[in-house]
Structure formats: C-alpha cells, structure tokens
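Reviewing the structure listed below.
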Amino acid sequence: MSDHVILEAEALRGFTEDVLKAAGMRPQPAATVADTLVYADLRGVSSAGVMEIDPQMRLIREAPASGLLDAGNGFGQIAGMTAMEIAIEKAKSAGSAVIGIANSNHFGVAAYFAERATRAGMVGIVLTNSSPAMTAFNTRIPLIGTNPIAFGIPAGAERPIILDMSTSLVARGKIRLASLTGKPIPLGWAYDDRGLPTEDAHAALKGSLAPIGGPKGAGLSLIIDLLTGVLTGTGLTGEVKNITDISGPSRTGHLMIAFDVSRFISPELFKSSVDSVVANIKAMPSADGGPVFMPGEMEAIGAERRARDGIGVPRDIVDTLRGLSVTYLGELRL
C-alpha cells in the first residue's frame, strides 16, 4: 500500500476552505488561506501554523507609497495577500509601494505573493523572517532565521520568473529526515553546537544550519530580519518563535513590495525582452546535458502536473484531515 493518497487539487482546496469557514473564518479569508496552502502543495512545499482564526487586520500607518499592516496575530497568508493587494493598488498611482506587516505568522510560500504581483503586470518582492536556525557570522548560538526572499518578474509568452529562496544552504527538514533514518548529512550543510561542521544529523539539529555563501548568506538573513521584524516593530532579531511553539504570538514580520513596470519602460517591451532573455538562456549548451530551467520553472511544471494528476498527500495527514472533516463538517470527506 502506498504511503500517499492522491487528492484532486480542487477537492483539497474546497475542503480546506469549508473547514476554515466551519471553524469561524469569514468566506474570503478562508478562500485565501485555502488557496495559498494548495498552491504550496502544488509546488511541492508543505507548511503549517497555529494562530488567531480570523482577526481584524488594519493599516496602522499609511502614506501614498507605503503602509504598515497589523496582522493581529492572524494567518500570515491573509496578511500577505492583504498587504500585497494594497501594495499593488498603491503602486498603480505612486509607481511603487512598500507595505510592512507586523504581528503576523508563518505565511506559507513567499512565491505565492510575488506571483500575485506579476499577474497585475508588476514586479513583486517579498521578504519574511523566521525562528532562529542559523548563527550570525562568526558566532555559535542560532539567532537568525532562514528568512526567505522572493522575486516575481512578469513575462510575455513565457512563464513569469519566480525566484523564491531561503538564506540557508538546505532546509531543516532534510536534516530532520536524515536524523530519523540514521543517515549522515553532507559536510557543509550544518554545524554542531560548538560551531564546527558536522556530518551527524542529530548534532546538526542541536546546532545550526549553514547559510548560503557563508557570511554573505548570514548577512542577507540579518538584513531581511531587520526589514521585517525590527522595521515593523514586531520584534528584535532572534525573537521569532518556532512554528511549533504556541506559547504566544510568533512575532513574525513580512515586507511586500510592488512596482509598476510602466514607470520605467513599456510593459509590452519589458515582457517581450524577458521572453528574449529566457529564450537566449535556454538556447545555451547545458552543463550536464539536461534541460535548462529558469527560477521557479521546475516548481511551476510540477504544479501543472499535480493540478492535472492530483496531489500526493501522506496517508497520516489524510487521516487527520478526515478527522477534521467529521468534527467541523459533520461528514467524511476526502
């Protein structure tokens, strides 16, 4: 028996939305959260979190090209969507806009919000902080998060270019898996609690992840935290709680940026030029003989395949979802 169950994307989206509404969330926020979660599954990324079910989010500071949204310890997905939509609308009149988000939670996949900007014909930039997983350069105690940053670049006939990357060399989940299976990890992925490189997954989990590019990745992570946590007034570097810690607000912050391509160049010319760049890169000889992919393209192809063939969900997760179905919907779904 397979350890995964194949579920149709639309069925999973509808189920998630219905459970959230039954739990007390208003229809539009419920649709947003469901869409972001299924988007992540389609792209092969899993995410979760615990927070207020449906708080009132409000702009506590606002200017023509900027704003600060208080997420009220609510779903990061709702906060991210709300802020990016505000940024897009402001950018239509101001040319560009920056919206900070305070008092939020894990928002899923940064690419979702960057791609939202490209659908409006704009460039999108998304930043978020996360719980300590790496050390500041030349220190030994984890303080900075893997702090993702994403860029969305609209294209014409080609798919939009979506770069979504964390500032760590590998995801902590890969190290957890190695720990569970008793396998070593490649040297350079992580450090032990003495700050020394290790191949022992157990020691790595007690230590810290390696940043991309050494001091460059550590520095980038710190800057992202200063712009998302400190700038929004949500918390100091190192104060974001782990996603599994429900002892209080997670103190997560985000930054959403959108700017209107037409303020710089004709949108049609820009998109056709991006298409030309993509075509030029794909026409170059492959280093390993395989296909050449643009940032985000492999995930987009995977999403198209899963949308067509279904999403493989671990059987134990499906069992949990079915339990929620009975509890909140009064019937067995999925």
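The values are calculated or read from the model by the stated rules, or taken from the named source; none is laboratory data. Only a predicted model underlies this, so the values are computations on that prediction, with no experimental measurement involved. Cβ: placed from backbone, ideal geometry, glycine included. Neighbour counts: every protein chain shown. Heads up: the accessible areas ignore ligands, DNA and RNA and are worked out on the full protein's heavy atoms, side chains in. Shrake-Rupley method; radii C 1.70, N 1.55, O 1.52, S 1.80 Å.
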**OP:** Could you work out the local net charge near Pro291, counting Lys and Arg as +1, Asp and Glu as -1, over the other residues with Cβ closer than 10 Å to its Cβ?
**Re:** -1
Original post:
Counting Lys and Arg as +1 and Asp and Glu as -1, what is the net charge of the other residues whose Cβ lies under 13 Å from the Cβ of Lys271?
Top reply: -1
Original post:
How many nm separate the modelled label positions at Ala11 and Ala65, each set 7 Å beyond the Cα in the direction of the Cβ?
Top reply: 5.0
Subject >> Rounded to the nearest 10 Å², the accessible area of Tyr328 at probe 1.4 Å >> reply: 100
Subject >> Hits among lysines - C-alpha to C-alpha of Lys206 under 20 Å, sequence gap 8 or more where chains match >> reply: Lys174, Lys183, Lys241
Subject >> Accessible surface of Asp41 - all protein chains present, 1.4 Å probe, nearest 10 Å² >> reply: 50
**OP:** Take the Cα gyration tensor of the chain, multiply each eigenvalue by 5, square-root it, and list the three semi-axes largest first, rounded to whole angstrom.
**Re:** 28, 27, 24
Original post:
Given Leu269, Thr327, Val292, which one lies farthest toward the positive end of the charge dipole of region 236-334, if we put +1 on the Cβ of every Lys and Arg and -1 on the Cβ of every Asp and Glu?
Top reply: Thr327
**OP:** Write down the percent of antiparallel bridges among all DSSP beta bridges whose residues are both part of the chain, to the nearest 5.
**Re:** 85
**OP:** Go ahead and estimate [θ] at 222 nm for the chain from helices alone: -39,500 (n - 2.57) per DSSP H run with n ≥ 4, summed, over the residue count, rounded to 500.
**Re:** -11500 deg cm²/dmol
**OP:** In debye, nearest 20, what is the charge dipole magnitude of the chain about its Cα centre with +1 on Lys and Arg Cβ and -1 on Asp and Glu Cβ, if you could check?
**Re:** 420
Subject >> Sum of side-chain charges, Ile141 neighbourhood, beta-carbon under 12 Å (Lys, Arg +1; Asp, Glu -1) >> reply: +2
Original post:
Quick one: if you stick a label point 7 Å off each Cα along the C-beta vector at Asp18 and Lys282, how many nm between them?
Top reply: 3.9
